[in-house]
Amino acid sequence: MNRARVLLLAIPFVAQWCFGQMCPSTAAPTNPVYSVVAAAPKDPERLGAPIIINVTVTNISKGDAPWRAERPDPTYRAFRFLLERDGREVEKTAFHRKIRGEQRPGDPQEVESGSSFLSSVGPGKSFSFQVDLMRLYEITGPGIYALNVARFNDDGTRVCAKPLALTITQ
């Protein structure tokens, strides 16, 4: 009975981090500080080539907004990425599992050294960066993929970009 009670208590905590609940369509931050826009290339991507996604973050508040990032690889750690094909998440790379704390036996064991840094983004200011989905996912077949990008802020809010549809050809 205690195990069942512990599992029931853990479900809401785990669900917060579940990718399926990453960007529910009915929930939005009450006072968002940032907007996030993810953009894919206009032409279909070729299988085996880098798949570059541009992410732009804009401070939509009336004041300076804090931005915390983690080293190493702050570009990849700042957001959660979910790539799906046919309703299932694509297999993550060892790198993606490492930065999400989901390493498996057999994954390369590296000594993690890093820190976080805090900066300030002025009202109306934006910054952009690029992410290569091939570093995050093992994309092995052509098809139409769905990508969700979300940021989980220090205060527990999440900001989501509109989902993207990616076409990958042979």
Practice task
Answer yes if at least one residue in segment 62-70 is in contact (Cβ under 8 Å) with a residue 12 or more places away in the chain, under 14 Å from Arg151 (Cα atoms) and touching an Asp or Glu at 6+ places or on another chain (Cβ under 8 Å), and no otherwise.
Solution key: yes
Exercise for the section: Within segment 154-170, track down each residue that is farther than 21 Å from His96 by Cβ, touching a residue at least 40 places away in the same chain (Cβ under 8 Å) and part of a loop (DSSP other than H, G, I, E, B). Expected result: Asp154, Thr157, Lys162, Gln170
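Listed here are the residues, each with its yes/no results for (1) in contact (Cβ under 8 Å) with a residue 60 or more places away in the chain; (2) under 28 Å from Pro44 (Cβ atoms); (3) assigned to a loop (DSSP other than H, G, I, E, B).
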{"position": "His96", "(1), (2), (3)": "no, yes, no"}
{"position": "Pro108", "(1), (2), (3)": "no, no, yes"}
{"position": "Phe117", "(1), (2), (3)": "no, no, no"}
{"position": "Val131", "(1), (2), (3)": "yes, yes, no"}
Handout entry: Scan of segment 75-89 for residues that are touching a residue at least 60 places away in the same chain (Cβ under 8 Å) and either part of a loop (DSSP other than H, G, I, E, B) or touching an Asp or Glu at 6+ places or on another chain (Cβ under 6 Å) (or both), ordered by number
Key = Ala78, Phe79
Exercise for the section: Would you check if Pro142 is more than 16 Å from the chain's Cα centre (by Cα), surrounded by fewer than 16 Cβ atoms within 10 Å (Cβ to Cβ) and over 30 Å from Lys62 (Cβ atoms)? Expected result: yes
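Which residue, of Ala69, Ala49, Ala27, Ala4, is part of a loop (DSSP other than H, G, I, E, B), small (Gly, Ala, Ser) and modelled with pLDDT under 90? If you could, list the steps in order and put the result at the bottom.
On the way: Ala69 fails: part of a loop (DSSP other than H, G, I, E, B); Ala49 fails: modelled with pLDDT under 90; Ala4 fails: part of a loop (DSSP other than H, G, I, E, B).
Checking each option against the conditions leaves just Ala27.
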Exercise for the section: Would you check if there is a residue in segment 91-101 being surrounded by fewer than 12 Cβ atoms within 10 Å (Cβ to Cβ) and closer than 19 Å to Val149 by Cα? Expected result: yes
Handout entry: Criterion violated by Pro123 - all others in (1) exposed (fewer than 14 other Cβ atoms within 10 Å of the Cβ); (2) touching a residue at least 60 places away in the same chain (Cβ under 8 Å); (3) in a strand (DSSP E or B) satisfied
Key = (3)
Handout entry: Filter pass, Arg71 being exposed (fewer than 14 other Cβ atoms within 10 Å of the Cβ), within 16 Å of the chain's Cα centre (by Cα) and basic (Lys, Arg)
Key = yes
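The values are calculated or read from the model by the stated rules, or taken from the named source; none is laboratory data. As the structure is a prediction and not an experimental result, all values here were calculated from the model. Note: ideal-geometry Cβ built from the backbone for every residue, glycine included; neighbour counts use all protein chains shown.
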